[in-house]
Amino acid sequence: MNKRLTCLILFLASAFSAAGAGVPTVKMEARRLPDLNIPRMGHALLYINGELTVIGGHTTGFIPTATAEFFKDGKWTVIPSLYTHDNGFCLTLRDGNVLLGGGLSEAFGVGQSFSVERYLPAEHSFEPIPILDRRRAASSALEMEDGTILVSGNWYAADALELYSATDGFVTVKQTAENRSYPWILPTAPDNAIIFSAVDSWGKRGQGRVDRLHGEPFEETLLRSSALPMCSDANAQRNPCKIGDYDYLLLTHNDSLEFNGIMRIHKEDFSMLELQVQIPLEGVNGPIRYYHPLLGHGENAWAFGTDTDGRAYLLQIGYKPALKGGKATLKLHYTDPLEDLPMYGACTMLPDGRIALAGGIDGSNYKPYASAYIFDPNEATLVADSGSRVRSAGMVAGILAGLALAGLGWWLAHRRKKAHGGLSVPDQAELPEPQIQRDRDLFERVSALMEDGLYTQKGLTIADLATALGTNTKYISSCINAGAGCSFLDYMNGYRIRFAQKKLLEEPQMRISDIADAAGFASESAFYRNFKTVTGFTPAEWLKQQ
């Protein structure tokens, strides 16, 4: 078995386990668009009038920007807006125009704004309309069926419901049962709506109360549980995934911001969807962070996320079975690591099912990104399928055989390394001598760090290793591929599993969770998956074999 086949087996097994047992995993391609002219965060991303359009937000230095950009003929074109709308509301109207209002009024995320304007996409221009009744930021808006606009939500200030009409402008109509930021406003009838959020105006957990535009507020048990509706603080659009008349889906999380379910709101009825398997929180190499409201297309909802290696993830949620007494299906799509992939970028669904991402940050509001991507889950390649869509016993046998061979593949790669002094001679003979020597020298340094226990560091990435050795990820990947015959992830997990095996033999009284933690795994479930991938056995089965 040669090096390439070994790595292929390991890759298949790793991808199979990446999303957790029972979640089919597919690899998709990403297309990078030209960068925005202005880096942005707290902005809106729309597909309107046949064009991708970004509006508002703040730019480098946490400074609000009174601009928009539209993508046409392969480039982004900047147009001035009348006001800044950094974390304001952005509402696409039924007439094809866009309403923008409120937002942080000063640099560094300070203050609230009265300003409201309308974007006319056919003309690429903005026009003012009467100001809000009170200063607002982190607010949301809904167009009612009679054309009036309902607004709620505020940041570090009191909240209230206000309505806009062409004749009266914005007028406060009632106080809210609790102050909120980034609220969800969902219609429940042609003339009524509910308003709720997971957090109050100061970013703390809310009280679990739901306001009605018409009628008294009510308590909702689910909003006081560990399944909190996601706050759409990533950008100015707070649009839920609509699946029917007055029927919506929201992604939920617990107090530790671990995403744990799908909430359904049908009129005023709150419930949780039954899922075939849990939402995958572990990706190809480390935890997945979901941060955008669910996007809907056809019979699926989509959750967007990233990991620390710069991979993008799209979690496909087939919700239809859960509406008929069954369970929703999940499938995880992922990319290779991408350059300048931001967290908290603005996302939108394109008419053909592709998903666009633009702007965002990577840990600092002072340095937003200008990058833009399009992801196409329709052109994904099946990596492994452990779910209910397996169509034949032959496919099941193939998957199980791949798992069993993964341990053999690692063992053969290890034997090849020992036999050739850490090098795979036949494949290296095809490389230039300087590269061979570089790989040898660098692999020795990588091995020294691993032998010293670097692999026990949780969340260790190939970028961390490159930084520690003063080189780049390309060289690290090349030397590991040449020296160990596999990828960085498989190489690191080999050390972690060998460490765990040693602990199992020498300290059998030690708890599995403590062994997983000491070995560097992010969770006990990740340890079990990788242990079986490498050895072909569970820890208990392996120990019994010894």
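The values are calculated or read from the model by the stated rules, or taken from the named source; none is laboratory data. This one's a predicted model, so the numbers in the text were calculated from it and none came from an experiment. Glycine also receives a Cβ, built like all others from the backbone with ideal geometry; neighbour counts cover every protein chain displayed.
Restricted to segment 500-528, and to residues that are of a type in the set (Asp, Glu) and modelled with pLDDT under 90, which residue is nearest to ASN285 (Cα to Cα)?
Once the filter is applied, the top-ranked residue is GLU524.
Which count do you get for residues in segment 350-380 that are out of contact with any Pro (no Cβ under 9 Å at 6 or more places or on another chain) and surrounded by fewer than 18 Cβ atoms within 10 Å (Cβ to Cβ)?
The number of residues fulfilling the criteria is 11.
Mind checking which residues of segment 491-503 are farther than 18 Å from LYS458 by Cβ and either surrounded by fewer than 18 Cβ atoms within 10 Å (Cβ to Cβ) or of a type in the set (D, E, K, R) (or both)?
LYS502
Would you check which residues across segment 522-532 are closer than 17 Å to TYR495 by Cβ and touching a strand residue (DSSP E or B) at 6+ places or on another chain (Cβ under 9 Å) and list them?
Passing the criteria: ALA522, ALA526, ARG529.
On the given criteria, is VAL78 closer than 22 Å to VAL116 by Cα and either touching a helix residue (DSSP H, G or I) at 6+ places or on another chain (Cβ under 8 Å) or modelled with pLDDT of 95 or more (or both)?
Criteria met by VAL78.
Inside segment 40-61, can you point out the residues that are surrounded by fewer than 21 Cβ atoms within 10 Å (Cβ to Cβ), over 14 Å from ILE374 (Cβ atoms) and touching a residue at least 24 places away in the same chain (Cβ under 8 Å)?
ILE48, ASN49, THR60, GLY61
Please enumerate the residues belonging to segment 356-381 that are β-branched (Val, Ile, Thr) and either farther than 21 Å from LYS331 by Cα or modelled with pLDDT of 95 or more (or both).
ILE361, ILE374
The rows are residues; the columns are (1) over 20 Å from GLY42 (Cβ atoms); (2) not hydrophobic (A, V, I, L, M, F, W, C).
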| residue | (1), (2) |
| --- | --- |
| MET144 | yes, no |
| LEU150 | yes, no |
| PRO190 | yes, yes |
| ILE194 | yes, no |
| VAL199 | no, no |
| ARG209 | yes, yes |
| GLU219 | yes, yes |
